[in-house]
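The values are calculated or read from the model by the stated rules, or taken from the named source; none is laboratory data. This is a predicted model, so every value here is computed, not measured. Neighbour counts are summed over all protein chains in view; Cβ atoms, including those assigned to glycine, are modelled from backbone coordinates with ideal geometry. The area values use the complete protein model at the heavy-atom level, side chains included, leaving out ligands, DNA and RNA. Shrake-Rupley method; radii C 1.70, N 1.55, O 1.52, S 1.80 Å.
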Amino acid sequence: MRFSGAAMSMASIQTQGSSSSVDGGQFFKPGVPRTWKSVREKAFECLRSRAFTLSFMTGSVCGVASALIYHYNTVKGYGFLPAMMPDEVIMTVFITFCSLIATFRTSHALTRYTEAAMYVHKLSACW
């Protein structure tokens, strides 16, 4: 039986499309055509994940707190932030120091994670 190009591509999507469903594997499996349904399922899966939900809630709380502080400081005219802030040079040095520490800690953690993943793959290859 000979298929035309369009029928053949539809047949391959229907036969291979079931393997691209949400199964916790790769985002897109090689050799499997990407359909809008699978992309949509993966996007909704990411939006429903616990990590996204927690980070969205934390960001929302911090955004509301920042808006309230800005409102009371400028709109209401209390002007309490300049009295609480240290000298500009001290603040700049502190933020630079914290940024460098966070960068180096994250880099070191990522290096340790990738090394651990490498050792896990080597260990499973030995079996």
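Computed quantities for the displayed model
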read-out: Residue check, Ser49 within 30 Å of Met84 (Cβ to Cβ), open to solvent by less than 80 Å² (accessible area, probe 1.4 Å) and modelled with pLDDT of 85 or more; value: no
read-out: Residue in segment 53-67 that is more than 25 Å from the chain's Cα centre (by Cα), among the aromatic types (Phe, Trp, Tyr) and at pLDDT 85 or above present; value: no
read-out: Output for segment 72-91, where each listed residue is assigned to a helix (DSSP H, G or I) and surrounded by 11 or more Cβ atoms within 10 Å (Cβ to Cβ); value: Tyr72, Asn73, Thr74, Leu81, Met91
